[in-house]
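To start, the structure under review is shown below, and the notes come after it.
The values are calculated or read from the model by the stated rules, or taken from the named source; none is laboratory data. Note that the structure is predicted; figures quoted are calculated from it, not measured. A quick note on method: Cβ atoms are made from the backbone with ideal geometry, for glycine too, and the neighbour counts reach across all protein chains shown.
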Amino acid sequence: MVDSAAATTVRARLAAKARANPSVALGGVCLLLVLVTGFIEPEYLSLNGARSSLLQAAPLGILAGAQTILMLTGGIDLSVTMIATGSAYVAASQSSHGAAVAILMGVAVGLVVGAANGIGVAVFRVNPLIMTLAMSGIMLGTFTAWTQTILRGSTQVAPFIKELAAGSFLGNRLPYSVVLWAVISLILIWLLRRTGWGRLLYAVGDNETAVRLAGVRTWQVRIAAYIAAGILGSIAGILLAGRTGAVDLQLANAFLLPSVAAAVIGGTSIFGGVGGYTGTILGALILSVLTSMLTFLNVGQDIQQLVYGTIVLALAWGYAGLANRE
Amino acid sequence: MNRDSRATVVFNRAGLILSRSGWTLGVWLLLLALLIWYANLIPRFGEFQITSISKNSLPLVYLALGQAIIVIAGGIDLSLGALLLLSNAIAARFMADQPFGAVLVIALLLIGLVAFLNGMTGYVIRLSGVPDIVVTLATSYIWSGLALWILPSPGGGTAPEFRWLFTGSESGIGGTYVLPVLMMIIPATVVFLLSRRTRLGLSMYAVGSDSNIASLAGLGVTRAKVASYALGGALAALAGLATVAITGTGDPRFSVGANATLNSVAAVVLGGIALTGGTGLVLGVVAAGMILIMLNPILSAMGINPNNAQILQGVLIAIVMMIGGLVTLIRERRT
Amino acid sequence: MNRPSPLLTISGVAKAYGSVVALAAVDMTVRRHEIHALLGANGAGKSTLVRILAGVHPADRGTLEVEGKTANFRTPVEAMRGGMATVFQDPALIRDLTIAQNLRLSRTDPATFEQWLEEFDLGSLDRDRMVRDLPLDILRLVDLARALALNPKILLLDEITAALTADQAEKLFELLDRLKTEGCSVVLITHRLAEVMRICDTATILRDGCNVAELEVGGITQQELVHAMLGSPVDLAPDTQAGTTAPTTAGAETVFAVEELASGEAVRQVSFAVRRGEVLGLVALEGQGQERVFDILCGERRPSAGRILVDGSPCRFLSPADAVRQGVVLIPGDRLQALLPSLPVYQNLVVTLITRIRQWLGLPADERARAANAIDSLSIDTRAAARVRRLSGGNQQKVAIGRWLVSGFRTLLCFDPTRGIDIQTKGEIYALLRKLAADGAAVLLYTSELAEIPLVCDRVLVMHNGLIVDEQAAAQATEASLLTAAHGLV
């Protein structure tokens, strides 16, 4: 009797802690997954294991950053993986002009497509799901056609991009791409927490009318958000291309749903106004560790998808449970 | 005088119906225009083309009808394509080399099973308070994993009579157009009547329009939500069955399901159902689904690379939605 | 005196939302043949009690008894079966369906519904009209007729007169009187004390989630009711009396003016000017075009004709951003249009400081001081500051005003800022508006409470059918003179 009462208070206190700081709870889940994976494959608990998981997580984390920014405004980007693929193609085709031009041209794809998405959503008020879905179709068609004409044969990536995506500092210990992700993370966290634009992202997602009546041109905020998401998509695409060394139209496809899932697991509300990038980083790490674990378990694609789906559902549910009790 | 006013009433009523279902009408007119254009593009337009268009549209039309019901009730289901995969995989695996009677029983059981599974998804959404899009994103992995587990590689089959039922021919090539057209009209009519003429259907509209008010008015929000997801699941199962009938095999690839989901959302929006829920008629979605399918043969008839169909489809959706956005914008400014 | 037997007995009902206690313990008895007023300041727990009675939320503790039988409703349907019919503040009608479809959904008997509708001369209402196309007053009456068609033992009316015209309200009162004699009791929630004095028999007063008094309305004055609601006598009048300042503003320069403003049928011709240091009142019955005027003035909508002048030079407002840059700012009638509900008070206040792209990459250095100033001068209760959603209505309104104190402004447009707000906060808002004017702002105040005019304004305009039909000096304006003009009888 006394024991159960004590247990209840302990549970209540834990729940209150988790509510106050969801990142801690997420970090716990992530740690648990790492330990389980280590139990399955002791090799994993080494510098190499960490390195491979981080390498996995970097592009996913950057793509999920794009979703986080947009989800905070109540939007979403289903074209972000096509942007990644398209940027990779363009960067590859421009490889002969040197790495800088290649990367800039690649990022320009994200800028242009992001701006188009943003104009559609913010000015013409198209539902973001539909706008980016249509954009994804347009890009897939365009690039399919271009691979047979102007982009023909340009599937090889410049050495510099390969080095950036797959190379490392300090004798193969610290991958460049992870460092790049860390820098992007810091910038994103700074933008969301310490700048007027970041504040407006939350505000627009919470109540656009109130922000408009406050004298803010909300369409500018939204378009900037889609452009930022497009640029992040481009960076992720170029990293992916560098890692695989070649590009094809399926390059980033598999990352679309995980990029949304990582942001959701990290506690960003799909309705806008609530969340942040710290949670998303943890979300991306959790999904990457999960992928490693399933690979070590040597199970088929079928079981991998089953487990992946179940874990995403369980985490989202747990999160909602915490938020509802509040 | 009296007759005059009655005429006015009739006229007003007609205007009201027209203004409310204007979008639906517009989509059907667009489909008609595309059909006429297509008929003039190719040297011979006959039964073969009608059969081919109507049967190839079946899976998307079913899936879009299911998505429409779920969207009307205020949700969105990203797992419908995965459910199509699951139903396709189960059907192909267990229908192979079975007599027609057994195949029909399997089909009915399958519809019931998938409806139950998706109804559970709807229940989980209500219970957990997790947004629809997130839950169905997760379940889409679960169902496609399950589909892959049941049918690890493309294969399987079904009874020839079952193929005839959906395609009008036992081999899936040519045949009569009566069956595919009927198989499109009957489910669409049933879903339409269910959504507009029954209390359950209206309660789906109510819940999608405003679930708080619906519950104040004493409606069962959970019941409407679960029912909409179950109905969506049943239609996804039907889409899987149509796929197995058209192709004669099962194909459990993840990307097939993901594309089907995205197309169903596109058809719903093009069909005039707002993603915010509570409005729109499911009939427009039938035409929208067929339009999206027809772009492919039209472009190949024009001698254009079919890859451009994808571009055209995207541009079409974007432009239609932008015009829709502009129209509401102007209307808001005016009133 | 032999009092009728109790019909509804509420004892010890309590309800908390998370850590916020909405009802501490409420006891209340509604007798047969009675119209029972439920009164209280905002946040006293009236709406929560209605929701419990209507079965929307279950009570945490306590019991309900209808005719002596325990009736703890768990769903709205159970409550309806138990003899309760509720008309909520917002009509419980689905906007995207027709009236006929709505009736079908709630299983309302069309014939009975028809009868009740005819009581309000709405028998000719087309049932195939979409709810979204109908005006609010009609919807409330439709909702009421639907509730009456349930043939309830107890009718709960939450602020029903708020959207009704005077003659509709009159019809309603006659109807309630008749219902009372026929044996259906009514629980009436209202902010309008005149109504209470007029038709109610008994009043239960809630304060801070407890019932603090039950009064026989026959034996008391309106003033006593107010005292019972507040707990202590409050001086409604602000420190700076209006009228005394009027002479000084008469010579001051015009800050904001409109000339021959028009917009469709709603606004036909509106011209006026607001001077520096002046509070200009605007009075109108529901739906005379006042919403449209405010929409145009704040930049949400463009006029079809006419000019807006700021400091004498014409301006075109293409969006609220343009208006805000000219110092013309709006406090909207619907508080939800001004608040970021899931964000803290602080972020709500400072959002007005980042309106330009060049402010995107940084934060204003003095925003903390400015926000603290606003919180101070409005005495916003910041105990629930982490999410504005959890603040009481009065505090939310203070935040909506406070965000303009943070950024500064020259012309303040207030659309019914005291609607649905407790008396104490109302007094604070009056004082604040006077103070802002004294500090040099021009204020345009639309209000639906005519009693506010002499308290706050210097001059008052009366609008009717899209036109300004009268102008009066606020100090001399009475409810009678304003109402006469508002009906177009000048």
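Points to keep in mind about this one:
- Answer residue from the range A:71-83, given it is hydrophobic (A, V, I, L, M, F, W, C) and out of contact with any Phe, Trp or Tyr (no Cβ under 7 Å at 6 or more places or on another chain) and is surrounded by the most Cβ atoms within 10 Å (Cβ to Cβ) among those: A:Val80
- Cβ pairs under 6 Å, 6+ apart, first in the range A:118-130 and more than 7 Å from chain B (Cβ to nearest Cβ) and over 18 Å from A:Ile69 (Cβ atoms), second of a type in the set (A, V, I, L, M, F, W, C) and surrounded by fewer than 24 Cβ atoms within 10 Å (Cβ to Cβ): A:Val123/A:Trp219
- Against the conditions (1) at the interface with another protein chain (Cβ under 7 Å from one of its Cβ atoms); (2) modelled with pLDDT under 90, A:Tyr319 satisfies every one except (1).
- Take the conditions (1) outside any loop (DSSP other than H, G, I, E, B); (2) within 25 Å of the chain's Cα centre (by Cα); (3) without any contact (Cβ under 8 Å) to a residue 12 or more places away in the chain; C:Gln101 misses just one of them, which is (2).
- Looking across the range A:260-295 at every residue that is away from chain B (no Cβ under 11 Å) and among the polar types (S, T, N, Q), the one that is surrounded by the most Cβ atoms within 10 Å (Cβ to Cβ) is identified as A:Thr280.
- Residue check for C:Ala79: part of a strand (DSSP E or B), assigned by TED's automatic domain parsing to the domain that holds C:Leu148, among the aliphatic types (A, V, I, L, M) and touching a strand residue (DSSP E or B) at 6+ places or on another chain (Cβ under 9 Å): no
- Of residues in the range B:206-222 being hydrophobic (A, V, I, L, M, F, W, C), under 23 Å from B:Phe116 (Cα atoms) and part of a helix (DSSP H, G or I), the one farthest from the other protein chains (Cβ to nearest Cβ): B:Val221
- Residue ID - surrounded by the most Cβ atoms within 10 Å (Cβ to Cβ), chosen from residues in the range B:272-290 that are more than 14 Å from chain C (Cβ to nearest Cβ) and within 25 Å of B:Val221 (Cα to Cα): B:Val285
- Considering the conditions (1) within 23 Å of C:Val406 (Cβ to Cβ); (2) in a helix (DSSP H, G or I), A:Ala261 is excluded by exactly one of them, (1).
- Qualifying residue in the range C:301-318 (condition: surrounded by 22 or more Cβ atoms within 10 Å (Cβ to Cβ), within 12 Å of chain A (Cβ to nearest Cβ) and either modelled with pLDDT of 90 or more or closer than 30 Å to C:Leu136 by Cα (or both)): yes
- A:Leu240 vs. criteria more than 14 Å from every other protein chain (Cβ to nearest Cβ) and in contact (Cβ under 8 Å) with a residue 12 or more places away in the chain: yes
- Number of residues in the range C:327-367 that are more than 7 Å from chain A (Cβ to nearest Cβ), touching a residue at least 40 places away in the same chain (Cβ under 8 Å) and part of a loop (DSSP other than H, G, I, E, B) equals 3.
- In the set (1) away from chain B (no Cβ under 14 Å); (2) over 20 Å from the mean Cα position of the chain (by Cα); (3) without any contact (Cβ under 8 Å) to a residue 12 or more places away in the chain, A:Ala91 fails one condition alone, (3).
- Output for the range C:429-473, where each listed residue is at pLDDT 90 or above, among the acidic types (Asp, Glu) and buried (at least 22 other Cβ atoms within 10 Å of the Cβ): C:Asp458
- When we screen A:Leu78, A:Leu54 for residues that are among the hydrophobic types (A, V, I, L, M, F, W, C), in contact (Cβ under 8 Å) with a residue 60 or more places away in the chain and assigned to a loop (DSSP other than H, G, I, E, B), the only hit is A:Leu78.
- Scope the range A:219-249; condition hydroxyl-bearing (Ser, Thr, Tyr) and at pLDDT 95 or above; matching residues: A:Tyr226, A:Ser234
- Note on the range C:272-298: residues that are in a loop (DSSP other than H, G, I, E, B) and farther than 18 Å from C:Ala166 by Cα total 4.
- Hits in the range C:151-162 - residues which are in a loop (DSSP other than H, G, I, E, B) and modelled with pLDDT under 90: C:Glu159
Results for (1) over 30 Å from C:Gln223 (Cβ atoms); (2) in contact with a strand residue (DSSP E or B) (Cβ under 9 Å, 6 or more places away or on another chain); (3) not assigned by TED's automatic domain parsing to the domain that holds C:Gly218, shown as yes or no for each residue.
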| residue | (1), (2), (3) |
| --- | --- |
| C:Val26 | no, yes, no |
| C:Leu53 | no, yes, no |
| C:Ala59 | yes, yes, no |
| C:Glu65 | yes, yes, no |
| C:Gly83 | yes, yes, no |
| C:Leu93 | yes, no, no |
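- Restricting the range A:149-176 to residues that are modelled with pLDDT under 75 and of a type in the set (S, T, N, Q) leaves a set whose member that is nearest to A:Arg243 (Cα to Cα) is A:Gln156.
- Residues satisfying the stated conditions in the range A:240-254, i.e. of a type outside the set (S, T, N, Q), in a helix (DSSP H, G or I) and surrounded by fewer than 24 Cβ atoms within 10 Å (Cβ to Cβ): A:Arg243, A:Ala254
- From the list B:Ala92, B:Ala138, B:Ala102, B:Ala115, the lone residue that is buried (at least 24 other Cβ atoms within 10 Å of the Cβ), more than 10 Å from chain A (Cβ to nearest Cβ) and not β-branched (Val, Ile, Thr) is B:Ala92.
- Only helices (runs of 4 or more DSSP H) whose full extent lies in the range A:154-235 are considered here, and none of them has at least 2 residues that are touching a strand residue (DSSP E or B) at 6+ places or on another chain (Cβ under 8 Å), away from chain C (no Cβ under 14 Å) and of a type in the set (Lys, Arg).
- The listed residue being assigned by TED's automatic domain parsing to the domain that holds C:Leu285 and under 23 Å from the mean Cα position of the chain (by Cα), out of C:Gly393, C:Gly362: C:Gly393
- Some residue of the range C:118-126 being in contact with an Asp or Glu (Cβ under 8 Å, 6 or more places away or on another chain), without any contact (Cβ under 8 Å) to a residue 40 or more places away in the chain and either among the aliphatic types (A, V, I, L, M) or within 14 Å of another protein chain (Cβ to nearest Cβ) (or both): no
- Of all residues in the range C:203-223 being assigned to a helix (DSSP H, G or I) and at pLDDT 80 or above, the one that is nearest to C:Ile35 (Cα to Cα): C:Val217
- Candidates B:Ile125, B:Ile150, B:Ile133, B:Ile142 - the one that is in contact with a Phe, Trp or Tyr (Cβ under 8 Å, 6 or more places away or on another chain) and β-branched (Val, Ile, Thr): B:Ile125
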